[in-house]
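What follows is a short report on a single structure.
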Amino acid sequence: MRNLITLLVCLITGLANAQYSGTATSVDDSTDNARMIRTIEQSLNMFYGEHSFQSNHDSIIDALNYEASDVPMFSDSVYCERLNVMNEMSPFHLDCNEQTLKTIKFFVEKRRGFTRVVLGRSKLYFDMFEEKLAEHGLPIELKYLAVIESGLRPQVKSRAGALGLWQFMYRTGRMYGLNENSYVDERMDPELATDAACRYLKKLHGIYGDWNLALASYNAGPGNVNKAIRRSGNKLTYWEVRPYLPRETQGYVPNFIAAAYLMTYHAEHNIIPAEATVAYSQLDTMCLSKGVHFSSISTLLGIEEEEVKRLNPIYKRSYIPKSDPEQCVYLPLELIGQLVSNEDSLYAIEYSKYTKPTTPTQTTTTTNTRPTNTTPTSGSYQYHKVKSGETLGTIAERYRTTVSTIQRMNGLRSTRIYVGQRLKVKKSATTATTTTQSSAGAKYYSVRKGDTFGKIAQRNNKTISQLKRLNPRVNIDRLSIGQKIRIR
């Protein structure tokens, strides 16, 4: 299997490098390379999906002959034996005592639905958690801390104001480099917040030398833990200090142990993970040079705006602001590929929806006016045949119309279209020619057969260096027919 992954990655790197390096290129669908690239992409995505979601829980449940309604309970000795197995592989003290057993039984009986949901959400976050924890040399079990902190919901906010997967307070977040402004709160960024949590937990463990006390300090703050240590007679283990901790913190480590236990032995308790829509390994990013609303991405790619929001919790207002360094968007691999190939179209949609000034309507005193017929007559439209990589957003931009207009003209209930589909578009619109000019004033040239970067520069009275500055993401040695090159 490892050899298969290596082969697929090498082929994609060699054949589709332009697509994933930020270069807005397109490939002729009739070529063997294009078909091979699509085949490789599909194979790799299928592997990621199968690899990310595979689990042995079905076989365990089948072997135990559970019915869907069964809620298995076990003796204390079984729970303790399983915790001992976990202890052998962990630097934590997953003690099996009265409080731990009580909490585990409560989770097993009363928190089954919660466990199903976080098991599903874990597909999106645990791979990344494990990578970050490994980078910082921390125990992998700390991934379960986010389960009890946030239920793996990056946008959840506590009554005290803690926010994100790791529930950082504002001041603590700032101490560890998590910034906030009107559009962005980095406490909700899964990767940035996880890195900050790793650094914070590493510091806490350095103070106490005990992971359970470090967890207690994460919850209550070092000041409260230090007070509890003094009141306990300077004891240095969590269970000795626990009676002197705040009430919430007294239950914090037992909750952590119960979550770790149930996430490990969920199948034995007949708990099936909720379906996960996407795994972390199936995501990629693209950084944007201009400010973009989620709705523009939704329009271009034909996906729900809510899905863009779910995968990009860092943004507070469904808007990705322009900044330095550039802000990035997370989406599934195949959608990032489409976004890279149609970046100029994305900015054109954004301009049309949010920036382009509207012409004020003139009022008249004439009362004998007739309503305007917005439905095109049979002689006012033409047909467009959908090509690979096109979306309603890019087609609307080409014909200088809107997605909703094309949907209305064609009776479409969604933005989904397919290659070869014939769509009605307004005949009066100006279609793309060899050289096009966008409404924002930028001018583009469509690459033709035999064109090179040097020829395009010469034909448009530019030097190669000038053309490079206008097209920083373009691979000048790998141009494709139909590719748009900015010339002004």
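The values are calculated or read from the model by the stated rules, or taken from the named source; none is laboratory data. Since the structure is predicted, the reported quantities are computational estimates derived from the model, not experimental observations. Heads up, the Cβs are rebuilt from the backbone with ideal geometry, glycines too, and the neighbour counts pull from every protein chain shown.
Out of (1) crowded, with 18+ Cβ neighbours inside 10 Å; (2) modelled with pLDDT under 95, the odd one out for GLN167 is which?
(2)
Given the criteria under 32 Å from the mean Cα position of the chain (by Cα) and either surrounded by 21 or more Cβ atoms within 10 Å (Cβ to Cβ) or within 27 Å of GLU130 (Cα to Cα) (or both), does ILE272 qualify?
yes
Looking at region 407-435, which of its residues are under 29 Å from the mean Cα position of the chain (by Cα) and either at pLDDT 80 or above or closer than 16 Å to TYR381 by Cβ (or both)?
GLN407, LEU412, ILE417
It is to be established whether one or more residues within region 56-72 are touching a helix residue (DSSP H, G or I) at 6+ places or on another chain (Cβ under 7 Å), loosely packed, with under 15 Cβ neighbours inside 10 Å, modelled with pLDDT of 65 or more and farther than 20 Å from LEU213 by Cα.
For region 56-72, residues touching a helix residue (DSSP H, G or I) at 6+ places or on another chain (Cβ under 7 Å), loosely packed, with under 15 Cβ neighbours inside 10 Å, modelled with pLDDT of 65 or more and farther than 20 Å from LEU213 by Cα: present.
Considering every residue within region 122-132, establish whether at least one is buried (at least 16 other Cβ atoms within 10 Å of the Cβ) and within 17 Å of ALA267 (Cα to Cα).
Checked region 122-132: at least one residue is buried (at least 16 other Cβ atoms within 10 Å of the Cβ) and within 17 Å of ALA267 (Cα to Cα).
Among helices (runs of 4 or more DSSP H) lying entirely in region 207-313, which contain 2 or more residues that are more than 22 Å from LEU94 (Cα to Cα) and at pLDDT below 95?
294-301, 305-311
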